[in-house]
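Structure first, commentary second.
The values are calculated or read from the model by the stated rules, or taken from the named source; none is laboratory data. Since this is a predicted model, take the numbers as computed values, not measurements. For neighbour counting, all protein chains shown are included, and Cβ atoms are generated from backbone atoms with ideal geometry for every residue, glycine included. To get the accessible areas, we keep the full protein, side chains included, count just its heavy atoms, and leave off ligands, DNA and RNA. Shrake-Rupley method; radii C 1.70, N 1.55, O 1.52, S 1.80 Å.
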Amino acid sequence: MAKLKKSPFKANRIEGNPDAFGLRHKEIIACSEGLFNSRSILISGPRGIGKSSLGNQMQKTLEGNGKLLERCGIETAFPKTLCLYYACDRGNSLQQLVLDLLYSLEQKCLLLPESKFAFELNLGVIKASLESDMKRRSPATLATQLISGLAAVVVQLKAQLYQAINIMFDEVDQIADEINFGHFIKIVHEALQSSHLPVTFVLAGQQGVYTRFMREDASFERIVRHVPLSILEPESSEYILDY
């Protein structure tokens, strides 16, 4: 009788183990170069191909886990970075997305050792403003409020020797078309640059999302490095099987 076997490929969940990750040398180098140069990245490809896992691995690298870079032969040290993961939902407005993001950042920072209550109060003012007025706000206004929140976080993190923030937006293809997310990212990028805030983004979404964001704002190509994923090379697949 034939026996059922467990598949070593984890298409239904994010791979969090750098040792079990099937290397994509070209794509990992592209992601690393982008983030090292303070440039946000967009990982795109078909569902289940490993976009979220690659994004997760890059965040682990930013957090100080050097295993992935070691396996790729990359001798680069990233600054100490606080990483946040956010899963996009089609039902959320841009205002709700910003509010959720600020809330998640606040909660993560409050869990850090020696966190200050002043930080909670600083973000509380911004969150209260967003919650009190549920009318549709312009992307520029929301970007300004997001930047204010990020600035408060950066000040708090410096006391704990963090030098940067990275936010991963997973499943960005789920963001409703009317939100015009590509243009929003451009506004946020320009505000971050003018404020000298060390914040980058990892975006992950299905094939075609890059074209959508380029259509929403042509500057997206200049701001975000596109890293498309294809099927794993046989050597990488064999590594997973052996592991």
Compactness of the range 91-226, expressed as Rg and Dmax over alpha-carbon positions, Å
15.1, 44
Pull up the cross-link candidates among the aspartates and glutamates for LYS108, meaning alpha carbon to alpha carbon under 18 Å and not fewer than 8 places away within one chain.
GLU63, ASP100, GLU120, ASP170
Any residue on another chain or 5+ positions along whose placed amide H is under 5 Å from the amide H of ARG225 is listed here as SER40, ILE41, LEU42
Treating every alpha carbon of the range 149-191 as one equal point scatterer without solvent, the Debye formula yields log10 I(q)/I(0) values at q = 0.31 Å⁻¹ of -1.10
Compute the accessible area per residue over the chain, keeping the other protein chains in place, probe 1.4 Å, unit Å².
52
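Per the Kirkwood treatment, what hydrodynamic radius in Å, one decimal, follows for the range 67-112 from the mean inverse distance over all distinct Cα pairs?
Evaluated on the range 67-112, it is 13.4 Å.
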On each of the three principal axes of the Cα atoms of the chain, give max minus min coordinate, whole Å, ordered largest first.
64, 41, 39
Calculated from backbone phi, Karplus (6.51, -1.76, 1.60) coupling profile of the range 170-181 in Hz, x at Gly/Pro:
8, 6, 5, 5, 7, 5, 4, 4, 5, 6, 6, 5
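Suppose every K and R has +1 on its Cβ and every D and E has -1 on its Cβ; what is the size of the dipole of the chain about the Cα centre, in Debye to the nearest 20?
It works out to roughly 200 debye.
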Surface share of carbon and sulfur [accessible, 1.4 angstrom probe, percent] for the chain:
53
I need the phi-derived Karplus couplings for the range 226-238: 6.51 cos²θ - 1.76 cosθ + 1.60, θ = phi - 60°, integer Hz, Gly and Pro marked x.
8, 10, x, 10, 10, 4, 4, 5, x, 4, 5, 5, 5
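Using a 10 Å cut-off on Cβ atoms, rank the peptides 213-225, 38-50 from the highest mean neighbour count down.
Going by the mean number of other Cβ atoms within 10 Å, highest first, we get 38-50, 213-225.
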